[in-house]
1. Please arrange Val53, Val169, Val29 by accessible surface area, largest first, computed with a 1.4 Å probe and ligands excluded.
2. With a/c under 1.5 counting as rounded, go ahead and sort the stretch 21-147 into rounded, prolate or oblate using the C-alpha gyration tensor (a ≥ b ≥ c being the square roots of the eigenvalues; past the cut-off, prolate if a/b is larger than b/c, else oblate).
3. On each of the three principal axes of the Cα atoms of the stretch 112-215, give max minus min coordinate, whole Å, ordered largest first.
4. Computed from the coordinates I sent, mean projected area of the Cα convex hull in nm² equals one of [x] 12.1; [y] 13.0; [z] 14.1. Tell me the label.
5. Taking the DSSP beta bridges in the stretch 11-132 as the whole, what percent of them are antiparallel, to the nearest 5?
6. Once every DSSP H run of n ≥ 4 in the chain is given -39500 (n - 2.57) and the sum is divided by its residues, what mean residue ellipticity at 222 nm do you get, rounded to the nearest 500 deg cm²/dmol?
7. Considering only protein heavy atoms, with the full assembly of protein chains and a 1.4 angstrom probe, order Glu42, Glu114, Glu94 by accessible area, largest first.
8. If a/c stays under 1.5 just call it rounded; otherwise compare a/b with b/c (prolate if a/b is bigger, oblate if not). Do that for the stretch 79-120, with a ≥ b ≥ c from the square roots of the Cα gyration tensor eigenvalues.
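The values are calculated or read from the model by the stated rules, or taken from the named source; none is laboratory data. None of these values were measured; they are calculated from a predicted model. FYI the Cβ positions are ideal-geometry reconstructions off the backbone, even for glycines, and counts take in every protein chain you see. For the accessible areas, the whole protein counts, side chains as well, though only heavy atoms, and no ligand, DNA or RNA atoms are used. Shrake-Rupley method; radii C 1.70, N 1.55, O 1.52, S 1.80 Å.
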Amino acid sequence: VITDLEPGHRIVAFGDVHGDIEALKNFLVIAGVMDPLSSVEEPLWSGGTTICVQCGDILDRGDDELACFRLLSSLSRQARDAGGQLIMLYGNHESLNTVGLFQYVNNGGNKEFERDVGAAIDAALDSNRWRLMFAGNQASRWCAFEPGGLLAANLLANMKVSVVVGRTVFVHAGLTAAHVDEYGSIEGMNQAARNWIMQPHHGENDYFGTYETVA
């Protein structure tokens with residue numbers, strides 16, 4: 001909840017990114033929060049004290065989902081140092097990915113996860129048997145987004161369900177009084193989401209299985 005703002009404090013919000021890195025960059029540049037001379041690989045925050053809220057659905061449908069997260073995460077760190085903020089919210093597509101529902105994923109997006117995540121795990125373990133745990137369901141993607149997974153602590157636990165900035169409530173899709181009552185407050189919802197994503201909801205991972213290789 002961010003309510004102690006000076007009159008005229010600049011607030012920018014935007015929604016569904018869906019793995020489209022070029023559209024994301026174009027928006028951020030037009031919104032004045034990313035230096036137009038910087039790149040998606042090395043973005044530079046130019047928003048000063050602007051508060052920028054990304055309202056969920058970074059994932060699915062596009063080919064550069066991890067690249068979008070890297071870009072936004074980098075700008076978020078830089079914004080904090082400059083006295084601004086870039087806040088990422090959960091959308092339904094982030095929630096779908098955390099429970100292994102990948103029906104809206106593009107083949108190009110899966111290839112990105114195989115290249116950036118799966119290949120690195122294969123190399124680190126000198127084995128691909130860890131993939132057996134995910135029963136053929138996009139192992140590289142699911143191990144990144146599952147509760148307690150690779151991105152749980154450093155990325156997903158820092159995302160929020162909802163945030164109040166000034167007199168505006170930001171959320172993906174909608175928020176009802178029943179939601180707030182159930183969790184006690186918006187911060188209660190955010191804390192519940194953090195607790196859920198940080199804890200594995202299954203037994204210990206078996207990284208080596210019982211087979212010599214996985215097709």
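1. Val169, Val29, Val53
2. Taking the square roots of the gyration eigenvalues as a ≥ b ≥ c, the stretch 21-147 is prolate.
3. 56, 27, 20
4. [y]
5. 10 percent
6. One gets -10000 deg cm²/dmol as the mean residue ellipticity at 222 nm.
7. Glu42, Glu114, Glu94
8. Because a/c hits 1.5 or more and a/b fails to exceed b/c, the stretch 79-120 counts as oblate.
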